[in-house]
Amino acid sequence: MSRSAIGAWAQPARTRIPRMRNPMAGRVRVCIAGFYLILSAVVTAQPVRYEPSPVEVVHAMLELAQVTSRDVVYDLGCGDGRIVIAAVVRYGARGVCVDIDPQRIAESRENARRAGVEERIRFMTEDLFTTDLGGASVVALFLSPEFNDRLRPKLLSELKPGARIVSHYHGMTNWTPHATLHVGERTIFLWQL
C-alpha cells in the first residue's frame with residue numbers, strides 16, 4: 001500500500017452532510033428570545049404590592065426617626081399617604097408623597113384634605129427611582145428587599161448628612177441599621193447618614 005493511500009484512509013472523509021433547514025426554526029427562536037426579553041422587563045419593573053402600614057407601625061416609624069417640625073418627610077411608594085399625613089398632623093413636619101400610581105396619589109391627596117393638611121404636603125406621581133430626594137430629611141419606605149437595595153445608592157448620593165431613612169419590615173443588604181424596633185411581629189429599621 002502506498003503512503004498516499006494510507007494517508008487518505010487515515011483522514012476523515014470530507015463529505016458534506018446536508019443540513020435539514022426548517023424555515024420556522026428561526027422564527028421560533030426569535031419569538032422565544034422576544035418573550036424572555038419582555039418577561040425580564042416586566043419582572044424587573046414589577047411594582048411593589050400595595051399594603052398599608054398599620055397605624056401603630058406608622059407612629060413607631062416616625063418616633064424612631066425622631067421627626068420634628070423642621071423635617072421634610074418623603075414617603076416613597078406612599079399608598080394612601082398615611083405616613084406623611086401622620087408626620088404633618090402629629091409633628092408639624094412638611095411632607096412629600098411619591099407614588100407611580102395616580103390612583104394612590106389621588107387617595108393620598110383626598111386623605112390629606114380630610115385631615116386638613118393638604119397644603120403642607122406635595123404630591124408627586126413619579127417613579128421613586130427618578131424622584132429628586134435632595135429636599136428630604138426623613139425618607140419612609142415600605143417596599144420590598146429588592147427595591148430597598150436598588151434604592152440604596154440613590155439614597156446615599158442624594159440625601160444630605162443627618163438625613164434618616166426608616167423602613168417598615170425590610171432591611172437593606174450589607175447595610176447595618178443604626179437602630180431597629182419591633183412592633184408586634186413587625187420590624188422597623190432606621191439608618192442615619
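Where a number appears in this text, it was derived from the coordinates with a stated rule and is not lab data. It should be emphasised that the depicted structure is a prediction, and the values quoted were computed from it without experimental measurement. Note that each Cβ is placed from the backbone with ideal geometry, even for glycine, and that neighbours are counted across all protein chains shown.
Data overview
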{"quantity": "Cα principal axis extents for segment 106-174, largest first, Å", "calculated": "41, 24, 20"}
{"quantity": "Full-stretch length increase - ARG90, ASP132 - with 0.36 nm per residue and alpha-carbon distance subtracted", "calculated": "12.6 nm"}
{"quantity": "Length gained when the stretch GLU110-GLU63 is fully extended (0.36 nm per residue, less Cα-Cα span)", "calculated": "14.4 nm"}
{"quantity": "Spin-label zone in segment 103-147 - amide nitrogen under 16 Å from a point set 7 Å from the Cα of TRP175 along the C-beta vector", "calculated": "128-147"}
{"quantity": "Segment 55-138 - Rg (one decimal) and Dmax (whole number), Cα, Å", "calculated": "11.5, 30"}
{"quantity": "13 Å cut-off, amide nitrogen to a point 7 angstrom out along THR125 Cα→Cβ, residues in segment 80-115", "calculated": "99-109"}
{"quantity": "For segment 89-100, 3J(HN,Hα) per residue [Karplus equation, 6.51 cos²θ - 1.76 cosθ + 1.60, θ = phi - 60°, Hz, x = Gly/Pro]", "calculated": "5, 7, 10, x, 6, 9, x, 9, 9, 10, 8, 7"}
